[in-house]
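The values are calculated or read from the model by the stated rules, or taken from the named source; none is laboratory data. Model, not experiment: these values are computed from the prediction. FYI the Cβ positions are ideal-geometry reconstructions off the backbone, even for glycines, and counts take in every protein chain you see.
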Amino acid sequence: MKETAMKLKFFNDPIYGFIAIPNTLVFDLIAHPYFQRLRRISQMGLSSLVYPGAQHTRFQHAIGSMHLMQQAIQVLRLKGIVITDEEEKGLHCAILLHDIGHGPFSHAMEHSIVEGTSHEHISLQFMHALNDTFNGSLTLAIEIFKGRYEKPFLNQLVSSQLDVDRLDYLKRDSFYSGVAEGNINADRLITMLNVVDDRLVVQEKGIYSVEKFLMARRFMYWQVYLHKTGIVAEQLLIRTLKRAKELVEKGETLSCSEPLSYFLTQKVDRDNFDRSVLDIFARLDDVDILAALKKWQYHHDFVLSRLCSMIIERRLLKIKLKDNPVNDKRVASYQNNFRKKYGLSPHEASYFVFKGTIENQAYNRDFQNIDILRKNGKLIDVAKASDQLNLKALSKKVIKYYVCYPKGISIKTKE
């Protein structure tokens, strides 16, 4: 009893106040080095270059999500929904570990030196490894995480269009970035949750809270997650890591930490991401990348040093967003001018001049709908139930096109 009492600690969170650790398994998971690594993984990548306050970590987000899960379980039980003690523990563990597979600066690793391997897949690898460490205690959590458990609403609480993950990151990211439009009433939304036929639903009187949630998600994506400066910064980081890997493959020796050196020298993809690779990945965090950037900015390779100094000194590329695809002639002209100015090859110039697309869809009516439970017991999709026409508009995928190029490079070609 004394040991158990000692392990029931609290976190003092700036969003929710005191957050209790519900059981000793959760305590031990939080204390594990795999999870402690999340203290050194930024929640919003390089968004702090746009919003200086956005310095919070995946660790804080995971703890906050667990807190909201505790609230959701309590609300549903009060409404007569059966959630066993084992299912409760499974939910706590699943939400706590849902983002444990994120690499340094969140998504940059997935698009550069780890090929075809999403953070969700790596999270699952971590969960299996921890399940071995804790003698099968995470088996139910893994089933819930994978959506294979017999009660679908448990998976919806962890991963859906209205899950506690989204409730926390919108509220948390809004708080730390200072973008008030993203601030949602998570307590109200959780209070309105219910379950019908093992599916998660929202009571009719909570429809306006759902509307605000979807609008807040749209605002946060355009203003924060897809902010054009943030896009440039992330693309520069992705290209920095790709250039580093390219140089290493050509025989160059780059000074960096051992874990980062491993991923630069080895081809790592979904097929060979085994337990030994996982242990090396677990040693990799933002510190490794920042230290490498600081060293590589003085490397003799123009491309690598220039990319690194752009990030370190925040001298980023210029970006233009457009509603229509970017003309290839415009991109070629930018590349040609930059190539001539610095005596680069077309391939080298492509690191600094490139185009891409971004997408924003606040609500997907074709996947895991948010159902509103009417007073007569019928279910209706929130986009149909809402009296706001803009919710239907939010269901459409918006695609924008961008072109990035160095400042001071001009062209005469018209699109």
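Is it fair to say R188 is buried (at least 22 other Cβ atoms within 10 Å of the Cβ), among the charged types (D, E, K, R), at pLDDT 95 or above and assigned to a helix (DSSP H, G or I)? Steps first, please.
Values: buried (at least 22 other Cβ atoms within 10 Å of the Cβ): no; among the charged types (D, E, K, R): yes; at pLDDT 95 or above: yes; assigned to a helix (DSSP H, G or I): yes.
Here the answer is no, as R188 does not meet what is asked.
Scanning segment 194-248 for residues being over 18 Å from S159 (Cα atoms), buried (at least 20 other Cβ atoms within 10 Å of the Cβ), within 24 Å of the chain's Cα centre (by Cα) and β-branched (V, I, T) gives a total of 4.
Looking at segment 359-367, can you tell me whether even one residue there is surrounded by fewer than 14 Cβ atoms within 10 Å (Cβ to Cβ) and among the basic types (K, R)? No, because not a single residue in segment 359-367 is surrounded by fewer than 14 Cβ atoms within 10 Å (Cβ to Cβ) and among the basic types (K, R). Taken over segment 334-376, residues that are in a loop (DSSP other than H, G, I, E, B), in contact (Cβ under 8 Å) with a residue 40 or more places away in the chain and farther than 21 Å from V398 by Cα amount to 6. Scanning segment 263-273 for residues that are surrounded by fewer than 18 Cβ atoms within 10 Å (Cβ to Cβ) and under 21 Å from V287 (Cβ atoms) gives T265, Q266. Considering segment 122-141, the residues that are within 21 Å of the chain's Cα centre (by Cα) and within 23 Å of L284 (Cβ to Cβ) include one that is surrounded by the fewest Cβ atoms within 10 Å (Cβ to Cβ), namely H128.
Counting only residues that are in a loop (DSSP other than H, G, I, E, B) and either over 16 Å from K228 (Cα atoms) or not β-branched (V, I, T) (or both), how many does segment 320-333 have? Please lay out each step first, then the result.
Of segment 320-333, the ones in a loop (DSSP other than H, G, I, E, B) are 323-327.
Checking which are either over 16 Å from K228 (Cα atoms) or not β-branched (V, I, T) (or both) leaves us with 323-325, 327.
Qualifying residue count for the region: 4.
Within segment 297-319, the residues that satisfy the criterion of being assigned to a helix (DSSP H, G or I) and out of contact with any Lys or Arg (no Cβ under 9 Å at 6 or more places or on another chain) are F302, S305, R306, M310, I311.
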